[in-house]
Amino acid sequence: MKRRHSSVSDTQPCEPPSVGTEYSQGASPQPQHQLKKPRVVLAPEEKEALKRAYQQKPYPSPKTIEDLATQLNLKTSTVINWFHNY
């Protein structure tokens, strides 16, 4: 099992923070005014095109990724993430 905090010694008990304290006390790693990026929702046609491309080549070249992104009007990072997650 990996340890989450390397600064915690073996003799100290590790207690999880209580619910809600990390935001109310400002202990979050990012400032509160920064919101998460909205999730990319792919259209069914885009999903099908990506699945077909995956069936042909599960590990596409950067050129293939760029071509797919251009054809589907998506960011290259979106296409890369889709292949990583699929």
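The values are calculated or read from the model by the stated rules, or taken from the named source; none is laboratory data. Since the structure is predicted, the reported quantities are computational estimates derived from the model, not experimental observations. All Cβ positions, glycine included, derive from the backbone under ideal geometry; neighbour counts span all protein chains shown. These area figures cover heavy atoms from the full protein model, side chains too; ligands, DNA and RNA do not enter into them. Shrake-Rupley method; radii C 1.70, N 1.55, O 1.52, S 1.80 Å.
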query: What are the residues in the range 49-86 that are closer than 20 Å to ARG39 by Cβ, among the aromatic types (Phe, Trp, Tyr) and open to solvent by 100 Å² or more (accessible area, probe 1.4 Å), if any?
result: TYR86
message: Where the second residue is open to solvent by 40 Å² or more (accessible area, probe 1.4 Å) and the first is without any contact (Cβ under 8 Å) to a residue 40 or more places away in the chain and lies in the range 70-83, which pairs have Cβ atoms under 7 Å and are six or more apart or on separate chains?
response: THR76/GLU66; THR78/VAL40; PHE83/TYR54
